[in-house]
Protein chains: 4
Amino acid sequence: MKRLMTQTAKLGAAAALAAMLASSPALAGGDKAGKSPWGPQDEIGTLNMMTDASRQEILQRIETGKVYDLGVDLFVGMPDCCSAAFGDPTYQMWMIHAPARGDGSGELLSHSSEAISMNTHTGTHIDTLSHFGLHGKLFNGVSANEALGVRGWSKSGAEKYPPIVARGVLIDVAKAKGVDILPASYAITVDDLKEALARQATTLSEGDVVLVRTGQMSAWPDKSKLTLFTQSGLSLEAAEWLAEEQKSMVLGADNLGLESFPSTNRENFAPVHSYLLAEKGVSFIELLWLEELARNEVYEFAFITSPLKLRGASGSPIRPVAIPVKRGS
Amino acid sequence: MKRLMTQTAKLGAAAALAAMLASSPALAGGDKAGKSPWGPQDEIGTLNMMTDASRQEILQRIETGKVYDLGVDLFVGMPDCCSAAFGDPTYQMWMIHAPARGDGSGELLSHSSEAISMNTHTGTHIDTLSHFGLHGKLFNGVSANEALGVRGWSKSGAEKYPPIVARGVLIDVAKAKGVDILPASYAITVDDLKEALARQATTLSEGDVVLVRTGQMSAWPDKSKLTLFTQSGLSLEAAEWLAEEQKSMVLGADNLGLESFPSTNRENFAPVHSYLLAEKGVSFIELLWLEELARNEVYEFAFITSPLKLRGASGSPIRPVAIPVKRGS
Amino acid sequence: MKRLMTQTAKLGAAAALAAMLASSPALAGGDKAGKSPWGPQDEIGTLNMMTDASRQEILQRIETGKVYDLGVDLFVGMPDCCSAAFGDPTYQMWMIHAPARGDGSGELLSHSSEAISMNTHTGTHIDTLSHFGLHGKLFNGVSANEALGVRGWSKSGAEKYPPIVARGVLIDVAKAKGVDILPASYAITVDDLKEALARQATTLSEGDVVLVRTGQMSAWPDKSKLTLFTQSGLSLEAAEWLAEEQKSMVLGADNLGLESFPSTNRENFAPVHSYLLAEKGVSFIELLWLEELARNEVYEFAFITSPLKLRGASGSPIRPVAIPVKRGS
Amino acid sequence: MKRLMTQTAKLGAAAALAAMLASSPALAGGDKAGKSPWGPQDEIGTLNMMTDASRQEILQRIETGKVYDLGVDLFVGMPDCCSAAFGDPTYQMWMIHAPARGDGSGELLSHSSEAISMNTHTGTHIDTLSHFGLHGKLFNGVSANEALGVRGWSKSGAEKYPPIVARGVLIDVAKAKGVDILPASYAITVDDLKEALARQATTLSEGDVVLVRTGQMSAWPDKSKLTLFTQSGLSLEAAEWLAEEQKSMVLGADNLGLESFPSTNRENFAPVHSYLLAEKGVSFIELLWLEELARNEVYEFAFITSPLKLRGASGSPIRPVAIPVKRGS
């Protein structure tokens, strides 16, 4: 963390964060990568909960052709988690072929193509288990020395991830609390989740994709309102409750980094990240567009997305869809 | 075309192509962008055929939880359409954060992330209507002068594309012809498609996503066997039959560029591209992984994919899924 | 300009700038690209002033082996002119080969290489004549329609630029005014230049490379103090005096964009750029490191630099050197 | 090496190379990084030989204003060492601002800028001491674990390199042997160097920049004739003679990788690289344009170049100049 914090300071990000961390008590939190219950070869953690039967169960409850689009546009100048904070590359797109200039009519074919360059954690995206380890090891004991090269990880890369087809649940915390957007840095508690679920009359099941709404995306794409270090999100306790008690398969949120920032753990600037990815093998999705689901009070749905199979990558841009379903029995 | 051919020559690609083109008769083919039947504001062409009803119809026929993954891995050194031919950028991935070297145990958090850079027409991907126009105009009369900047198109970019949920059909031409891979540069005819459909006992319907299998991906990822200018693919006639008579919504194939290359039209190096995209508003998908569908003889399915909403882009990497359905009535 | 200003606003840059411009009187300034006195084929403007004789004259006055380095480091997170203002890509560097992790001793060869990505106007760099035109034409009447493609300009690109070997002169305006750094947005006048020259007992000659010091680089690399829209720099009048009366060959400054910003011409956000490049064919250098020359009061020197021959580029990173000379006769 | 060779094989490069290596005897060659005679903090090796006096000596012998340009153009599609061989990124350049399309006259300012992306070992470039180590250590005992991160090396990066101003000598081996281009894979011997020097009546001195001409650049930019694995270049013995007996400061050649390839040492695919960089601290320059010097028989000159200060980089593109000098005493 010291390294990242130093980097952050150099790049001009909030001194306030450092001060806050320096004065807060060190909280409990694991410091050791977990071992997979799915065996020593496992690289995808809780995604192993998905089976033909689990997919079939949710797909057969689809009762409509209405499809909700949970992904955001990717464009030059878009908000991102990490370019201002860490100097990471911004999203870029440029032309590699274009029709001739002038009126372009001189050429029969008007051919266009373009290239993009991006942090894989840009726009709506999934974090894979290789995104965070603890003390040099990923979930299931994979060490960087064995599995990391300049072109990524040989373990737990995005190409190992199956298409995700599962029951999805929206927990609209902002609505339950009667606010448009949760306060800056607000850490969602277990009670917040329970109250919102009760208010929605939604129950969670093992293997769900659980999407938590903070309301922050109502400010999209205003960069001044969407900054990693002031975002509301899950508390560690809420993440623990979802992963361990509710046995959720995948988590997600409408913010830049899932959890509340800044961390209150002075030793760990992203304790929910390391807990879910490194200790529990739970992947999660960030920068989800949940506004339409929320507006229409769609709390249960078939959730479908396919991470791009970016070999060795710790994340992948995705554009998930949600299709409303009949209430389960 | 002259421009592209010159470029190709400079970059060392097949002189044979030029020679072949020079000696072949000029074939018929449109030279004017089409007008959309969906109105002057339309930017997505035949994707307008998709409705809640059409999606519901196919989704409710799903009878299994088996999901076929139609996308390929993206990796450094992968085959692509255009880097050798045109000097286009290759797929690249690199680390922007990585655990400290050594045994990495000194740091609590082992943080990894990476960036990618790619032609948007890399790996399994969809071509949008902005990819090819005719005489300076895209489908529906959009001119480059009005709608193209250094950061892409304000019309018919990938961000305008809805998630695609539709009936999908595989036409296994290679299997119907009893070969592993169609011969180099073979142009699939209308009769080829009809025979394969008959052999499969599959019928096409309006609004289908039609995926044509040449067998070329059985050589994946051998770059020496996957080259644009020698690939088999659709003939112009076959594309016309699918678009106009069968009213297919989206086409696709297991090759680098949908159509047979080299073109036999000396004026147009990609006549199927310009016909489908610019004249008819039909989008299509390339580099599909159809091997498992073919092996299991799955010819009809729910086809689901979501192009990344890359603002202004003429294409997007995708990873579609196919879910088998009950036979339609 | 409206386009750039809109873009700037969208990207969150200073609303103050827009307000300032809206309330300022429109100033005079050319709106038409100039014609080269060096003939219709000329692409490098005043660099034609350089001859074997002019180079020999200055080289033979070298009296020392002391070499001043006028370039800055390029690094991830460095200040730049345009990433915050316009969404332009930041400087990036990443590994493409690295020794195996662990202790690395297992492999005989420990091979490293890396790639970079950058705006060509990053770090110490030269602006070529293709950087700014007026009403669609570069200096010497080159139109974008004829000479610009997705891979740059066929005219006035950096590859056309010769190595620059000329008499260099430092004008230390900050020192003459007795300040460390000129005030924000200060526009250096002709009198400022004259006074500084007099104070230094330096005279200008035809064909000089004239480097103007504002003192801003004493804040390098503090991004908060090095921002384009608040920088001090040349006024249009000062640029005119240097180009037309002093017949300087190349100009330069220790700031992000040579001239004072914001412009006081509401129609032209960079009037010195368009005057020098498009009207007069004068190239210039930005982000120069002049601190050591200033400290040692070295006002006259052999100036040597070679723009990278980036084909078609409107700029190139450079690292010039200055070698003190005997006073001229 | 095994790792690189595997990678090479996967990417389709010459199987012949592997076969050749497998059948050749293992040759002698160091396997341990050297210790700098300039002290434990040294990061630049033999560049320490350069002093004010050494620079002054050569600069004062300049007798002309004629400047030879030793750099090549950088352009999309250019030959490079490593993209085909290792999947490394190719040189790319793209527009980030461009005048509005149409006739462009609607806008007052016609603003262009562009970005580039490149392997730092592209075009004419210098290799720094961080480019090759032995068994995990760079010259002077720097370990990757201590000094390498995702953004390069904290030791021996290009930003540590001073501008290079020294006596340069061209050794035209191709001319001495009476050929346009040395045979493929020819390894230049010590005798070859001695004969060419004698023929030229040139003597070497301690601290020289020694540029060796093979003639290969007469084929520039034909990619089919400029390939790393078939290039002629220095033998290990010749490199040893230059570094140890002649005490050259910097070496250079008109080829993609200085030394003859393939290596005849089956354990080390680049023995001259590791000898010079890791054992002796000698930096070198590749892809030099020596054709004009050769044509004019300019064998002795002031050699001037400034590596870009790319922080942490193992190489930098450069564009050196050579200025003829009076014969030394």
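When the residues of the stretch A:79-106 are narrowed to those that are without any contact (Cβ under 8 Å) to a residue 12 or more places away in the chain and in contact with a strand residue (DSSP E or B) (Cβ under 9 Å, 6 or more places away or on another chain), which ends up nearest to the other protein chains (Cβ to nearest Cβ)?
So the residue we want is A:Gly104.
Can you find even one residue in the stretch A:260-278 that is over 27 Å from B:Ser105 (Cβ atoms), β-branched (Val, Ile, Thr) and touching a helix residue (DSSP H, G or I) at 6+ places or on another chain (Cβ under 9 Å)?
Within the stretch A:260-278, not a single residue is over 27 Å from B:Ser105 (Cβ atoms), β-branched (Val, Ile, Thr) and touching a helix residue (DSSP H, G or I) at 6+ places or on another chain (Cβ under 9 Å).
How many of the residues in the stretch D:113-128 are facing chain C (nearest Cβ under 7 Å) and either part of a loop (DSSP other than H, G, I, E, B) or polar (S, T, N, Q) (or both)?
The number of residues fulfilling the criteria is 5.
Could you tell me which numbered condition D:Arg295 fails, if it satisfies all but one of (1) free of Cβ contacts under 8 Å to residues at least 12 places away in the same chain; (2) closer than 20 Å to D:Ala33 by Cβ?
The number of the failed condition is (2).
Would you pick out the residues in the stretch D:254-268 that are acidic (Asp, Glu) and modelled with pLDDT of 95 or more?
Across the stretch D:254-268, the qualifying residues are D:Asp254, D:Glu259.
Of the residues in the stretch C:309-329, how many are of a type outside the set (Gly, Ala, Ser), open to solvent by less than 10 Å² (accessible area, probe 1.4 Å) and farther than 20 Å from D:Asp73 by Cβ?
3
Filter the stretch D:144-157 down to residues that are within 7 Å of chain C (Cβ to nearest Cβ) and without any contact (Cβ under 8 Å) to a residue 40 or more places away in the chain and give me whichever is surrounded by the most Cβ atoms within 10 Å (Cβ to Cβ).
Checked the stretch D:144-157; the qualifying residue surrounded by the most Cβ atoms within 10 Å (Cβ to Cβ) is D:Leu148.
Give me the residue from the stretch C:84-93 that is open to solvent by less than 30 Å² (accessible area, probe 1.4 Å) and within 19 Å of the chain's Cα centre (by Cα) and, out of that set, nearest to D:Ser314 (Cα to Cα).
C:Tyr91
Do we find a residue being more than 29 Å from B:Asn296 (Cβ to Cβ), among the small types (Gly, Ala, Ser) and either open to solvent by less than 30 Å² (accessible area, probe 1.4 Å) or more than 7 Å from chain A (Cβ to nearest Cβ) (or both) anywhere in the stretch B:158-176?
Yes.
For D:Ile285, only one of the following conditions fails: (1) at the interface with chain C (Cβ under 9 Å from one of its Cβ atoms); (2) among the β-branched types (Val, Ile, Thr); (3) crowded, with 24+ Cβ neighbours inside 10 Å. What is its number?
Against the list (1) at the interface with chain C (Cβ under 9 Å from one of its Cβ atoms); (2) among the β-branched types (Val, Ile, Thr); (3) crowded, with 24+ Cβ neighbours inside 10 Å, D:Ile285 comes up short only on (1).
Which residue out of D:Leu242, D:Leu236 is of a type outside the set (Ser, Thr, Tyr), modelled with pLDDT of 95 or more and closer than 23 Å to D:Ile304 by Cβ?
Within the list D:Leu242, D:Leu236, the selection yields D:Leu242.
Mind listing just one residue for me: the one in the stretch C:48-78 that is of a type in the set (S, T, N, Q) and more than 19 Å from the chain's Cα centre (by Cα) and, of those, nearest to the other protein chains (Cβ to nearest Cβ)?
C:Gln56
Taking B:Arg151, is it within 19 Å of the chain's Cα centre (by Cα) and basic (Lys, Arg)?
no
Just one of (1) without any contact (Cβ under 8 Å) to a residue 60 or more places away in the chain; (2) open to solvent by less than 20 Å² (accessible area, probe 1.4 Å) trips up B:Lys194, so point out which.
Single failed check for B:Lys194: (2).
In the stretch A:265-276, which residues are under 18 Å from A:Phe139 (Cα atoms) and more than 10 Å from every other protein chain (Cβ to nearest Cβ)?
If the condition is that a residue be under 18 Å from A:Phe139 (Cα atoms) and more than 10 Å from every other protein chain (Cβ to nearest Cβ), then A:Val272, A:Tyr275, A:Leu276 are the ones that fit.
Name the residues in the stretch D:80-112 that are under 22 Å from A:Arg151 (Cα atoms), of a type in the set (Phe, Trp, Tyr) and not in a loop (DSSP other than H, G, I, E, B), would you?
Correct list: D:Phe86 only.
Is there a residue being surrounded by 24 or more Cβ atoms within 10 Å (Cβ to Cβ), more than 30 Å from A:Gly136 (Cβ to Cβ) and not aliphatic (A, V, I, L, M) anywhere in the stretch B:98-119?
Yes: the stretch B:98-119 contains one or more residues that are surrounded by 24 or more Cβ atoms within 10 Å (Cβ to Cβ), more than 30 Å from A:Gly136 (Cβ to Cβ) and not aliphatic (A, V, I, L, M).
Quick check on my filter: what residues within the stretch C:178-191 are open to solvent by 60 Å² or more (accessible area, probe 1.4 Å) and either free of Cβ contacts under 8 Å to residues at least 24 places away in the same chain or among the hydroxyl-bearing types (Ser, Thr, Tyr) (or both)?
C:Gly178, C:Tyr186, C:Asp191
Step by step: first the residues of the stretch D:204-257, then only those that are among the acidic types (Asp, Glu) and in contact with a strand residue (DSSP E or B) (Cβ under 9 Å, 6 or more places away or on another chain), then the one that is surrounded by the fewest Cβ atoms within 10 Å (Cβ to Cβ). Which residue is that?
My answer is D:Glu237.
Can you name every residue in the stretch A:205-237 that is over 21 Å from A:Tyr299 (Cα atoms) and among the hydroxyl-bearing types (Ser, Thr, Tyr)?
Result: A:Ser224, A:Thr227, A:Thr230, A:Ser235.
Within the stretch D:294-308, can you find the residues that are buried (at least 24 other Cβ atoms within 10 Å of the Cβ) and either at the interface with another protein chain (Cβ under 8 Å from one of its Cβ atoms) or more than 20 Å from D:Gln60 (Cβ to Cβ) (or both)?
Within the stretch D:294-308, D:Ile304, D:Thr305, D:Ser306, D:Pro307, D:Leu308 qualify.
From the list C:Gly45, C:Gly141, exactly one residue is at positive phi, more than 7 Å from every other protein chain (Cβ to nearest Cβ) and surrounded by fewer than 24 Cβ atoms within 10 Å (Cβ to Cβ). Which is it?
Unique residue meeting the criteria: C:Gly141.
Just to verify a result, which residue in the stretch A:113-122, among those that are in contact with a Leu (Cβ under 9 Å, 6 or more places away or on another chain) and of a type in the set (S, T, N, Q), is farthest from B:Val150 (Cα to Cα)?
Applying the filter and picking the extreme gives A:Thr120.
The values are calculated or read from the model by the stated rules, or taken from the named source; none is laboratory data. Model, not experiment: these values are computed from the prediction. Reconstructed Cβ throughout: ideal geometry from the backbone, glycine too, with neighbour counts over all protein chains shown. Quick note on the areas: whole protein, heavy atoms, side chains included, nothing else; ligands and nucleic acids left out. Shrake-Rupley method; radii C 1.70, N 1.55, O 1.52, S 1.80 Å.
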